[in-house]
Amino acid sequence: MNTFQDLGLNDLLLNAISDLGFKTPSEVQDKAIPILLENDGDLVALAQTGTGKTAAFGFPMLQKINIDSRTTQGLILSPTRELCLQITNELKNYGKYYKGLNVTAIYGGASITEQAKQVKQGTQIIVATPGRMKDMISRRLVDISKIEYAVLDEADEMLNMGFYEDITDILSHTPEDKSTWLFSATMPKEVATIAKKFMTNPTEITVGTKNVGSDQVSHEYYLVNSRDRYLALKRLADANPDIFSVIFCRTKRDTQKVAEKLIEDGYSAGALHGDLSQNQRDLVMKSFRNKQIQMLVATDVAARGIDVDDITHVINYQLPDEIETYTHRSGRTGRAGKTGVSMVIVSKSEVRKIKSIERIIKKNFENKNIPDGMEICEVQLMSLANKVHNTEVNHEIDSYLESINTLFEDTSKDELIKKFFSVEFTRFFNYYQKSKDLNIEATNSSERDGGSLKDVDDTRYFINVGRKDGYDWMTLKDFLKEQLDLGRDDVFKVDVKESFSFFNTEKSLTEKVIAYFTDFKHNGRFVNVEVSENRGGGRGRDRGRRSGGRRDDRRSRRSDDRRNDDNSNRRSRRSDSGNRGEKRSSDKSKRSNSDFKSGGKSGSSRPRRSRR
Ligand code: AMP
């Protein structure tokens with residue numbers, strides 16, 4: 001693997017790269033930068049968002065422009081205002097040691113006069129959205145007749161959004177002999193046409209495989225009745241207390257509706273769609289970036305250009321009309337070297353689309369079950385236990401300690417712990433104890449067996465390692481298979497949380513699994529496995545208590561192991577907003593036990609916890 005020095009970058013850029021903390025070039029940077037530095041030809045680069053594309057074209061452009069000249073030499077077209085601002089910021093960061101560098105962002109929804117003023121002061125690089133750029137050209141507020149480098153970023157997105165005419169028009173105002181660099185996640189016919197029409201013998205580089213999703217993302221689908229979509233969404237959120245997600249809906253109306261319902265139910269959610277004003281969209285994005293919003297419900301168009309690196313889950317509340325759009329959706333997670341999960345909630349009538357998507361992304365989906373109530377209670381309880389364990393003591397409490405101690409004088413430690421956790425647990429338990437199974441069986445041959453039919457003879461286990469130990473479902477499955485010397489299909493329904501996980505095996509393997517992990521140490525720490533009380537969203541199994549001897553010592557060891565858990569902001573914030581519920585709505589309560597909404601006073605509904 002090359003270093004940034006090997007790629008031929010100058011010291012001004014290398015110093016900025018070191019400030020940014022980039023250690024090694026990403027694949028697209030490794031492939032594109034030497035070509036762009038050494039040649040003046042055209043380039044087509046197929047790369048997903050989040051792969052470091054901006055630097056792949058940004059570093060060479062900065063190195064090649066004449067910084068002493070105030071003429072506009074580089075033009076970058078990007079599909080959305082959001083992306084336009086991000087690219088501008090990134091370029092400013094990359095070029096921080098270039099004295100006299102001016103990078104100007106041109107986009108709709110902001111003062112055109114102000115943007116024209118900035119251009120007039122002399123800007124070497126313009127980053128623009130096509131609509132506003134065309135407007136500025138027709139009003140003669142910009143001059144791009146001398147540009148040497150044109151970048152079409154996220155070309156497939158721009159064409160999807162109907163910018164073909166605008167792009168053609170803009171490029172007609174640029175010199176013939178410029179270099180054109182086209183970046184696109186996918187290569188539909190329209191992008192190939194643009195490449196043919198505006199480029200001469202472009203060099204083509206591909207990062208990963210064409211149209212293929214990132215390797216960092218695992219794909220899961222959940223089969224439910226259409227009417228249970230919303231309940232399924234809430235369960236997925238509740239089963240992932242650290243979730244930081246984008247939820248995709250097909251229409252603006254559904255987007256608004258789902259976001260409103262989530263907010264009403266106490267989740268930290270927000271809507272992002274085209275019917276909102278620019279100002280409203282900016283506010284939502286700001287809250288999302290600051291992680292005040294954990295669940296951003298968005299339409300495909302509005303979500304284009306969302307460039308937030310640590311999104312843990314993408315949830316397809318509905319599948320997109322064009323299945324190719326799935327690649328863009330799932331590409332919002334698994335960015336900048338992190339892993340992510342793309343979940344799809346499907347009804348029976350849509351399940352065949354999963355196969356078509358698999359063909360496009362060249363990856364398989366895992367058919368998973370919507371977690372049942374007890375699994376969610378367990379996850380929430382353990383997440384709270386971790387949070388309490390890692391909370392720093394606030395010594396302001398000290399002066400009240402005496403009164404509190406007096407109050408609990410006759411309460412044992414065990415009793416106190418139980419009472420303390422019951423405050424939170426009981427709310428989830430009351431809400432979920434009678435909740436119904438939301439999963440439905442796949443019935444025809446085109447549908448998948450997934451794992452749901454195996455449940456009758458499975459055992460579900462709890463294991464005290466999770467994402468913070470570097471596992472995702474694939475690596476944990478590999479680890480378990482390797483340790484237990486099991487085959488490919490023997491470990492299934494692996495569900496990795498922040499500091500613990502669940503998995504299933506056939507019931508006949510239970511003894512072997514428990515025996516193997518008794519007093520088991522890996523990399524110097526105890527790895528503890530217990531039979532879990534929850535059923536992993538499956539059906540048909542007895543809901544027994546956790547079994548396995550020596551439970552008490554294991555428990556204490558597990559809490560020791562957790563001492564090293566990190567205590568991320570997200571977790572603590574999520575736990576604050578974790579008390580959201582599906583209160584029983586009066587008309588629906590007759591239909592099903594689990595049809596709750598928040599805030600009700602009835603005993604079966606969970607009271608809402610105050611949100612921040
Ligand atoms: P992009 O695909 O350009 O949107 O980049 C995605 C994210 O990765 C951005 O936050 C970049 O700052 C970051 N990034 C780009 N190149 C590297 C690198 N070589 N090492 C680490 N992070 C990077």
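Look at region 240-256 and say how many of its residues are farther than 15 Å from residue 329 by Cα and either under 17 Å from the mean Cα position of the chain (by Cα) or modelled with pLDDT of 95 or more (or both).
First, the residues of region 240-256 that are farther than 15 Å from residue 329 by Cα: 240-243, 252-254, 256.
Right, trim to either under 17 Å from the mean Cα position of the chain (by Cα) or modelled with pLDDT of 95 or more (or both) and you get 240-243, 256.
Qualifying residue count, region 240-256: 5.
Which one is modelled with the lowest pLDDT, of the residues in region 206-227 that are out of contact with any strand residue (DSSP E or B) (no Cβ under 7 Å at 6 or more places or on another chain) and surrounded by 22 or more Cβ atoms within 10 Å (Cβ to Cβ)? Across region 206-227, the extreme among qualifying residues is 213.
Within region 336-348, which residues are more than 8 Å from the chain's Cα centre (by Cα) and crowded, with 19+ Cβ neighbours inside 10 Å?
Step one: filter region 336-348 for residues more than 8 Å from the chain's Cα centre (by Cα), giving 336-339, 343-348.
Answer for region 336-348, where residues must be more than 8 Å from the chain's Cα centre (by Cα) and crowded, with 19+ Cβ neighbours inside 10 Å: 339, 343, 344, 345, 346.
Restrict the check to region 360-371 and report whether at least one residue is away from the ligand (no atom under 16 Å from the Cβ) and free of Cβ contacts under 8 Å to residues at least 12 places away in the same chain. Outline the logic, then answer.
Here is the first cut: in region 360-371, the ones away from the ligand (no atom under 16 Å from the Cβ) are 360-371.
Keeping just the survivors that are free of Cβ contacts under 8 Å to residues at least 12 places away in the same chain gives none.
Among the residues of region 360-371, not one is away from the ligand (no atom under 16 Å from the Cβ) and free of Cβ contacts under 8 Å to residues at least 12 places away in the same chain, which makes the answer no.
Note on region 290-310: among residues that are within 16 Å of the ligand (Cβ to nearest atom), closer than 21 Å to residue 322 by Cα and not charged (D, E, K, R), the one that is modelled with the highest pLDDT is 303.
If the condition is being over 22 Å from residue 54 (Cα atoms), more than 35 Å from the chain's Cα centre (by Cα) and in contact (Cβ under 8 Å) with a residue 24 or more places away in the chain, then region 100-120 contributes only 116. Residue 524 satisfies every condition listed in (1) within 31 Å of the chain's Cα centre (by Cα); (2) at pLDDT below 85; (3) of a type in the set (Gly, Ala, Ser); (4) farther than 17 Å from residue 373 by Cα except (1).
For region 267-280, the candidate set comprises residues that are at pLDDT below 90 and assigned to a helix (DSSP H, G or I); within that set, the residue that is farthest from residue 109 (Cα to Cα) is 279. Note on region 84-102: residues that are away from the ligand (no atom under 15 Å from the Cβ) and under 17 Å from residue 74 (Cβ atoms) amount to 4.
Is it the case, given these coordinates, that residue 106 is away from the ligand (no atom under 16 Å from the Cβ) and modelled with pLDDT of 95 or more?
Details: away from the ligand (no atom under 16 Å from the Cβ): yes; modelled with pLDDT of 95 or more: yes.
Spelling it out, residue 106 is indeed away from the ligand (no atom under 16 Å from the Cβ) and modelled with pLDDT of 95 or more.
Here residue 5 fulfils each of the conditions (1) within 11 Å of the ligand (Cβ to nearest atom); (2) without any contact (Cβ under 8 Å) to a residue 24 or more places away in the chain; (3) of a type outside the set (Asp, Glu) apart from (1). Filtering region 29-44 down to residues that are part of a helix (DSSP H, G or I) and in contact with a strand residue (DSSP E or B) (Cβ under 6 Å, 6 or more places away or on another chain), which residue is surrounded by the fewest Cβ atoms within 10 Å (Cβ to Cβ)? Across region 29-44, the extreme among qualifying residues is 35.
Restricting region 311-335 to residues that are under 13 Å from the mean Cα position of the chain (by Cα), aliphatic (A, V, I, L, M) and away from the ligand (no atom under 15 Å from the Cβ) leaves a set whose member that is nearest to residue 183 (Cα to Cα) is 314. Scanning region 369-413 for residues that are touching a Leu at 6+ places or on another chain (Cβ under 9 Å) and not β-branched (Val, Ile, Thr) turns up 369, 371, 372, 408. Taken over region 61-76, the criterion of being under 23 Å from residue 191 (Cα atoms) and more than 27 Å from the chain's Cα centre (by Cα) is satisfied by 61, 74, 75. Scan region 273-302 and report the pairs whose first residue is of a type in the set (Gly, Ala, Ser) and whose second residue is assigned to a helix (DSSP H, G or I) and crowded, with 23+ Cβ neighbours inside 10 Å, with Cβ atoms within less than 6 Å and a gap of 6+ or a chain change. What qualifies is 274/302.
Could you list all residues from region 19-51 that are within 16 Å of the ligand (Cβ to nearest atom), in contact (Cβ under 8 Å) with a residue 40 or more places away in the chain and in contact with a helix residue (DSSP H, G or I) (Cβ under 7 Å, 6 or more places away or on another chain)? Listed by number, the residues that qualify are 20, 28, 32, 36, 43, 45, 47, 51.
The values are calculated or read from the model by the stated rules, or taken from the named source; none is laboratory data. Note that this is a predicted model, so its numbers are computed, not measured. Heads up, the Cβs are rebuilt from the backbone with ideal geometry, glycines too, and the neighbour counts pull from every protein chain shown.
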